[in-house]
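No lab work stands behind these numbers, since they all come straight from the coordinates. Since the model is a prediction, treat every value here as computed from it, not as a measurement. Methodologically, a virtual Cβ is constructed for each residue, glycine included, from the backbone with ideal geometry; neighbour enumeration extends over all protein chains shown.
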There are 2 protein chains.
Amino acid sequence: MTAEPDGEVEEVGNVLVALADPTRRRLLDLLVAHDAVTATTLAARLPVSRQAIVKHLAVLDAAGLVVGHRVGREVRYSLRPAGLDATTRWMSALATGWDRRLAVIKRAAEA
Amino acid sequence: MTAEPDGEVEEVGNVLVALADPTRRRLLDLLVAHDAVTATTLAARLPVSRQAIVKHLAVLDAAGLVVGHRVGREVRYSLRPAGLDATTRWMSALATGWDRRLAVIKRAAEA
DNA sequence: GGGACGTGCAACTATCGGGTTGCACATAAT
DNA sequence: ATTATGTGCAACCCGATAGTTGCACGTCCC
């Protein structure tokens with residue numbers, strides 16, 4: 001009914017899963033502060049091992065929220081703002097959908 | 001620095017975790033279509049048992065996305081649109097924060 | 001009262017996800 | 001050439017979670 005581009009729904013799912021983890025959210029915060037940072041550097045600022053960070057970055061990358069590009073022997077990770085777009089849209093659409101639905105119910109209740 | 005109301009961040013986390021599960025999302029969709037529905041009814045429309053549904057509804061309730069009120073021997077569940085508000089705000093703030101940050105970086109790169 | 005229907009609680013299983021350690025490999029730096 | 005630093009890969013541990021089944025209890029209907 002809403003004419004979804006189909007792959008969109010899976011993309012949103014990936015982003016939601018990615019954002020559901022607190023360590024991953026902290027990671028994104030760190031990336032806002034310092035762009036193009038290496039996994040090792042990030043690990044120094046969080047209470048988990050570098051490999052844990054790498055796994056998290058892989059999840060964020062799969063969700064399209066982050067990219068890593070190689071510079072010599074190190075890999076610098078950066079944010080990817082466009083990765084949030086679809087999910088932000090999905091979420092506000094959900095919210096307005098709920099509100100509209102609720103309005104209908106309320107109106108019906110008053111009849 | 002952003003003067004968060006503190007408990008807000010945990011609330012957002014709960015909502016993100018709740019939305020991360022596909023079955024839970026389908027459940028919310030069903031609730032948009034039919035308000036004030038019982039867990040048994042919902043179970044009939046999904047490929048999982050009633051108890052699984054009940055657990056999911058408990059998670060959604062803890063996240064503030066849903067409420068159940070008792071009517072006789074049955075419990076009817078309804079959406080709770082306000083539960084989305086904080087998370088929606090959090091997310092668009094995140095998006096605009098990223099964009100601003102990116103703009104700064106771009107400007108610096110051109111200098 | 002007695003069946004039917006819906007809910008609540010508990011135990012149990014199995015998979016997934018976040019985290020760890022250990023080591024091999026590649027790229028700098030001296 | 002040797003050392004140091006950073007990445008990549010694999011095996012493993014453990015707690016959380018999505019799911020199940022089974023049964024007891026409350027409530028409506030005849």
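A few points about this structure:
- Residue-averaged beta-carbon neighbours from other chains (10 angstrom radius) around B:15-25: 5
- Only Cα pairs under 8 Å and 6+ residues apart enter the sum, and on that basis the relative contact order of chain A stands at 28 percent.
- Over every Cα atom in the protein assembly as shown, the radius of gyration and the widest Cα-Cα span, Dmax, amount to 20.0, 70 Å.
- Relative to the current alpha-carbon distance between B:Ser49 and B:Asp35, full extension at 0.36 nm per residue lengthens the span by 3.0 nm.
- Equivalent ellipsoid semi-axes - Cα gyration tensor, segment A:40-106, angstrom: 38, 14, 8
- Relative to the 2.2 N^0.38 Å rule of thumb, segment B:1-78 has a C-alpha radius of gyration ratio of 1.22.
- Minimum Cβ-to-axis distance in chain A for the rotation onto chain B, with residue, whole Å: A:Ala20, 2
- Charge tally in the Cβ shell below 14 Å around B:Arg101, where Lys, Arg are +1 and Asp, Glu are -1, B:Arg101 excluded: +1
- Listed from fewest to most Cβ neighbours within 10 Å, the set A:His34, B:His56, A:His69 follows the order A:His69, A:His34, B:His56.
- Fully extended contour minus Cα-Cα distance, from A:Glu74 to A:Thr96, at 0.36 nm per residue: 3.5 nm
- Other copies of B:Val48: label-to-label distances in nm, shortest first, labels 7 Å along the beta-carbon direction: 2.3
- Residue-count net charge about A:Ile53 - beta-carbon cut-off 13 Å; Lys, Arg +1, Asp, Glu -1: +3
- Simple label model, 7 Å out from Cα along Cβ direction - A:Val67 to B:Val59, nm: 3.3
- Loop trypsin sites (Lys or Arg not before Pro), segment A:66-111, which have at most 16 other Cβ atoms in a 10 Å radius of their Cβ (DSSP): A:Arg73
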